[in-house]
1. The conditions are (1) in contact (Cβ under 8 Å) with a residue 60 or more places away in the chain; (2) outside the structural domain of residue 175 (by TED's automatic domain parsing); (3) crowded, with 18+ Cβ neighbours inside 10 Å, and residue 128 fails exactly one of them. Which is it?
2. Could you please find all residues in the stretch 22-49 being free of Cβ contacts under 8 Å to residues at least 60 places away in the same chain and more than 13 Å from the chain's Cα centre (by Cα)?
3. Kindly list the number of the only condition in (1) outside any helix (DSSP H, G or I); (2) under 21 Å from residue 225 (Cβ atoms) that fails for residue 179.
4. Name the residue that is farthest from residue 58 (Cα to Cα), counting only residues in the stretch 186-200 that are part of a loop (DSSP other than H, G, I, E, B) and in contact with a strand residue (DSSP E or B) (Cβ under 8 Å, 6 or more places away or on another chain).
5. For the stretch 73-86, which residues satisfy the criterion of being free of Cβ contacts under 8 Å to residues at least 40 places away in the same chain, outside any strand (DSSP E or B) and under 14 Å from residue 103 (Cβ atoms)?
6. Restricting to the stretch 184-229, name every residue that is farther than 15 Å from residue 142 by Cα, in contact (Cβ under 8 Å) with a residue 60 or more places away in the chain and surrounded by 13 or more Cβ atoms within 10 Å (Cβ to Cβ).
7. Please identify the pairs in which a residue from the stretch 96-120 that is part of a helix (DSSP H, G or I) has its Cβ atom under 6 Å from the Cβ atom of a residue that is buried (at least 21 other Cβ atoms within 10 Å of the Cβ), counting only partners at least 6 apart or on another chain.
8. How many residues, within the stretch 15-28, are out of contact with any helix residue (DSSP H, G or I) (no Cβ under 9 Å at 6 or more places or on another chain) and either surrounded by fewer than 19 Cβ atoms within 10 Å (Cβ to Cβ) or farther than 14 Å from residue 118 by Cβ (or both)?
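The values are calculated or read from the model by the stated rules, or taken from the named source; none is laboratory data. The structure displayed is predicted, hence computed values, not measured ones. Quick reminder, even Gly has a Cβ in these numbers, built from the backbone with ideal geometry, and neighbours come from all protein chains shown.
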């Protein structure tokens with residue numbers, strides 16, 4: 001099956017708006033720099049659009065965006081711009097969230113939710129937009145890669161297979177497709193420049209077991225670029241630890 005990389009998106013600070021890229025380095029952890037930082041409170045919980053064992057709901061986090069700026073990460077919000085590490089950024093977020101928080105780098109526990117790389121097919125997005133009459137902007141799903149596909153939800157048939165991306169064996173990135181991605185209320189919030197009119201989570205719950213897009217691990221690192229071809233193979237090898 002021949003596929004093409006349509007778009008690449010990275011989120012330097014978890015839950016904040018991200019950045020569109022033409023190419024990206026991929027290591028064993030995933031896209032280099034993706035979700036490397038997160039807003040954390042005094043209990044170590046990550047700011048998110050939901051509450052949970054690892055997360056604390058702070059919807060205001062979606063009002064901020066993060067992008068790489070040389071060797072640092074720049075955060076822009078309603079009241080200004082800061083670089084990660086500046087005390088003023090922690091002060092700003094703490095005041096807005098009404099809780100003591102700071103932006104911290106990942107340590108021993110990954111900041112990403114269920115897998116290193118998230119992927120969806122263009123045909124899936126087009127189908128949801130046409131059949132359900134919703135804004136199927138991929139930024140609502142916070143995926144890393146959108147692949148050009150012809151069949152809606154075909155990516156969900158790739159479980160336990162490998163996905164090779166690149167122009168040749170020496171430049172190929174190999175991913176191992178792991179599982180479907182279960183969704184939460186975040187997809188029905190305005191975020192990352194995408195307007196959400198609600199309804200998507202309810203529709204996914206009714207028709208798609210609350211899932212959209214897939215997670216993949218990294219087997220062979222390298223560089224992925226927009227326009228790269230991608231191929232699905234069989235019997236995905238184990239992701240290297």
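1. The one condition residue 128 does not meet is (2).
2. 42, 43, 44, 45, 47 - these are the residues of the stretch 22-49 that are free of Cβ contacts under 8 Å to residues at least 60 places away in the same chain and more than 13 Å from the chain's Cα centre (by Cα).
3. (2)
4. Only one residue tops the list, namely 193.
5. Within the stretch 73-86, 85, 86 qualify.
6. Passing the criteria: 199, 203, 217, 218, 221, 222, 223, 224, 225, 226, 228, 229.
7. Sorted first by the residue in the stretch 96-120, then by its partner, the pairs are 97/58.
8. Total meeting the criteria: 8.
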